[in-house]
C-alpha cells in the first residue's frame, strides 16, 4: 500500500546544514596566498577526502576551519556555526587531529584525555567512563596509566585520535591521521572512520596515501595553488579512458614520441614516469607497438591503481 504525501503532510523542519561549509576562504602570509578563494561543502554522514600536493593549502585550510587561524576573507561554518562570529560554538563541534599530535609526556594517557574532557566541559561523573571507552576504541587500554613518553609515533597518533573524539564532536578534521600507523592499525582506522560517518558525523581527511582514501572516501575536494579544483574537471583525463603509467629507459625520448603522436600525457610521481589516458588493454597494446617501432625502450606499462590517483595526477599544477 503506497502513501501519498499531501502538501499539508510536509514538514516545516529546517534542512540539516552541511557539516562543513566554506565560501571564498582566503588567507595570505605576506606575499604568499596559501588559501586563495576556497569554496566547498562536506556533508554530514560522509567521509570527504582533502587532496592536493604539498603547498596546495590543505593544512592552512584545516587551521581556518578549526578556528585556530583567522581568515582574511570569506566564511566558514561548522555544523551551521560561523567559525568567525560563533567561534566557541563551532569549536565545540570539532574534533581536530593535526599531523603531529603534541603530548604532555609526563602525563598518563588517561590524564591527557581527562584534561581535554574537562576542557570541553564533559560531565565529570561520566568522564572516566568516556576516557576508558576512547582508549579502548584506539587500542591503548594497556597504556592507560603509563606516561605518554613511552608511546611510539603510531601510538601517539592513536592517542591523538582519541583526544579528537573524547567530546563526541559532530565534525572531524583529520590531517594525515594514518601517519606512523602500522598496516593493521591503518585498516582499523579506515573501519573506525567509516563507522563514525555512518553515525552521522562529518569526516574530513587530508592524506597523501591516495590508495587508502580510495577505500574510504564518499566525496573528494581537490586543492591546487590554494584553490579548489572541481572534481569533474580534475578527473577529465580519466573520462576518456583509464590512466596508465608508462616508464621508459629514456624519459625524454618517451615524451617526444607521445608529443609527436599527438597523445596527451601527464608527468607521474617518478621522474621517468608519464600517465596516459587509454581506453583499455587494446589501446595499451597499440601504444606499446607504436613506441617500440619508434625505438622507444619501454620497461613499465600498467594501469593506475585508482580514480583518486588519476584525478590527482590531472591537476594542472602537476604538469611540467
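The table that follows gives values for the structure above.
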item: Residue under evaluation residue 279, criteria (1) surrounded by 20 or more Cβ atoms within 10 Å (Cβ to Cβ); (2) at pLDDT 70 or above, criterion not met; result: (1)
item: Checklist (1) touching a helix residue (DSSP H, G or I) at 6+ places or on another chain (Cβ under 9 Å); (2) closer than 21 Å to residue 179 by Cβ; (3) without any contact (Cβ under 8 Å) to a residue 12 or more places away in the chain applied to residue 54, failing item; result: (1)
item: Single residue of 99, 105 found to be modelled with pLDDT under 95, in a loop (DSSP other than H, G, I, E, B) and surrounded by 15 or more Cβ atoms within 10 Å (Cβ to Cβ); result: 99
item: Matching entry among 232, 220 (being within 30 Å of residue 74 (Cα to Cα) and either modelled with pLDDT of 75 or more or not in a helix (DSSP H, G or I) (or both)); result: 220
item: Residue check, residue 243 under 16 Å from residue 210 (Cβ atoms), in the same structural domain as residue 312 (by TED's automatic domain parsing) and either modelled with pLDDT of 80 or more or surrounded by 13 or more Cβ atoms within 10 Å (Cβ to Cβ) (or both); result: yes
item: Region 278-294 residues that are in contact (Cβ under 8 Å) with a residue 40 or more places away in the chain and outside the structural domain of residue 260 (by TED's automatic domain parsing), paired with ones that are outside any helix (DSSP H, G or I) and surrounded by fewer than 12 Cβ atoms within 10 Å (Cβ to Cβ) (beta carbon under 8 Å, 6 or more apart); result: none
item: Within region 118-144, tally of residues that are in contact (Cβ under 8 Å) with a residue 40 or more places away in the chain and over 17 Å from residue 158 (Cβ atoms); result: 2
item: Residues located in region 113-141, provided they are assigned to a helix (DSSP H, G or I) and within 21 Å of residue 178 (Cα to Cα); result: 113, 133, 134, 135, 136, 137, 141
item: Filter result for the condition that a residue is in the same structural domain as residue 83 (by TED's automatic domain parsing), modelled with pLDDT of 85 or more, surrounded by fewer than 21 Cβ atoms within 10 Å (Cβ to Cβ) and assigned to a loop (DSSP other than H, G, I, E, B), over 195, 200; result: 200
item: Evaluation of residue 73 against (1) at pLDDT 95 or above; (2) within 30 Å of residue 228 (Cβ to Cβ); (3) surrounded by 14 or more Cβ atoms within 10 Å (Cβ to Cβ) (one fails), failing number; result: (3)
item: Residue that is modelled with the lowest pLDDT, among those in region 304-320 that are out of contact with any helix residue (DSSP H, G or I) (no Cβ under 6 Å at 6 or more places or on another chain), within 21 Å of residue 257 (Cβ to Cβ) and surrounded by 15 or more Cβ atoms within 10 Å (Cβ to Cβ); result: 318
item: Residues located in region 149-177, provided they are farther than 16 Å from residue 136 by Cα and surrounded by fewer than 21 Cβ atoms within 10 Å (Cβ to Cβ); result: 149, 150, 152, 153, 170, 176
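Let's see how each residue does on (1) at pLDDT 80 or above; (2) loosely packed, with under 10 Cβ neighbours inside 10 Å; (3) closer than 16 Å to residue 218 by Cα:
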site: 7; (1), (2), (3): no, yes, no
site: 11; (1), (2), (3): no, yes, no
site: 30; (1), (2), (3): yes, yes, no
site: 39; (1), (2), (3): yes, no, no
site: 48; (1), (2), (3): yes, no, yes
site: 53; (1), (2), (3): yes, no, no
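The values are calculated or read from the model by the stated rules, or taken from the named source; none is laboratory data. Everything quoted here is computed from the prediction, not taken from an experiment. Glycine also receives a Cβ, built like all others from the backbone with ideal geometry; neighbour counts cover every protein chain displayed.
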